[in-house]
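What follows is one structure encoded as structure tokens, with my remarks underneath.
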Amino acid sequence: MAFDGTYKVVTTTPMGLKTDTLIVKTEGTTLSGTFAESPLTEATVNGNEFSFQATVKGPIGKMNAGISGKIEGDKFTGTSKTKLGTFPCTGEKA
């Protein structure tokens with residue numbers, strides 16, 4: 001699928017921009033890979049929409065992040081939801 005690959009992901013937070021790496025591979029409607037060096041869980045893709053969970057480092061330590069978005073060519077737009085709030089994010093193939 002066109003979504004497979006390595007992405008530079010930028011999340012806009014109240015503390016500034018946070019940059020992470022997403023490595024993703026699709027098998028049917030299932031995604032596998034890593035985000036911020038953490039394995040993806042609950043990871044799915046349906047058409048051009050995707051979602052996954054991952055553990056990320058935050059200002060108060062490790063926390064779960066739920067990322068979801070819409071794929072458009074070699075880019076995506078979406079949101080990152082953590083216990084600190086929901087923040088916009090974008091990704092572009094590296």
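The values are calculated or read from the model by the stated rules, or taken from the named source; none is laboratory data. On a predicted model such as this, the values are computed, not experimentally measured, just so you know. Note that we place each Cβ from the backbone using ideal geometry, even for glycine, and neighbour counts take in every protein chain shown.
Structure data summary
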{"quantity": "Criterion violated by I71 - all others in (1) in a strand (DSSP E or B); (2) in contact with a Gly (Cβ under 8 Å, 6 or more places away or on another chain); (3) among the aliphatic types (A, V, I, L, M); (4) within 19 Å of A94 (Cα to Cα) satisfied", "calculated": "(2)"}
{"quantity": "Hits in segment 8-51 (condition: among the charged types (D, E, K, R), exposed (fewer than 13 other Cβ atoms within 10 Å of the Cβ) and more than 14 Å from S68 (Cβ to Cβ))", "calculated": "E27, E37"}
{"quantity": "Which listed residue, of G47, G85, G33, G61, is in contact (Cβ under 8 Å) with a residue 12 or more places away in the chain and on the phi > 0 side of the Ramachandran plot", "calculated": "G85"}
{"quantity": "Of residues in segment 52-94 being of a type in the set (V, I, T), surrounded by fewer than 16 Cβ atoms within 10 Å (Cβ to Cβ) and more than 10 Å from the chain's Cα centre (by Cα), the one modelled with the lowest pLDDT", "calculated": "I60"}
